[in-house]
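Visitor: I have a structure here, written as structure tokens, and I will follow up with some questions on it.
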Amino acid sequence: MEESKLYTARVQVVNTWHEAAKQAGLQISQSTAYRLRQRMRQGGEPALHEGRHGHPAKMRGEVREFLEETCRQAPHTPSHKIQEQLATRFALPISVSQLNRVRAALGISNPPQSAKKK
């Protein structure tokens, strides 16, 4: 392929992924778009499902409201107890570290043991 046609083809590919991501409402890099395409080629559509635990998207709506209410009523509740409650009530597997990040962002962190003793 001659250089000018190759350049034109590359520009078209880059514009294609960028426009597709924009239309889908995704903010992803080019390398992420290509990794997604590779995963799709290797594993088909099921490979595109998110499989990480503690994904921030899980802490929305009713789950987030429950977390806020629980932590405001009993701020010293350990995150592992809240983790159990979320698993029981919402069938939601979420890591303690993710819970702690969300609690900190909401300003409802469980104070450290040294602060509790004072």
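Visitor: Those residues that are surrounded by 11 or more Cβ atoms within 10 Å (Cβ to Cβ) and more than 17 Å from the chain's Cα centre (by Cα), I need them from the range 93-109; list them, please.
Guide: Ile108, Ser109
Visitor: Taking the stated definitions as given, is His49 modelled with pLDDT under 75 and surrounded by 11 or more Cβ atoms within 10 Å (Cβ to Cβ)?
Guide: Considered against the rule, which asks whether it is modelled with pLDDT under 75 and surrounded by 11 or more Cβ atoms within 10 Å (Cβ to Cβ), His49 comes out as no.
Visitor: For the range 75-92: of the residues being modelled with pLDDT under 90 and of a type in the set (A, V, I, L, M, F, W, C), which is surrounded by the most Cβ atoms within 10 Å (Cβ to Cβ)?
Guide: Selected residue: Leu92.
The values are calculated or read from the model by the stated rules, or taken from the named source; none is laboratory data. Computed from a predicted model, the values in this text were never measured in an experiment. Positions of Cβ are backbone-derived with ideal geometry, glycine not excepted, and every protein chain shown enters the neighbour counts.
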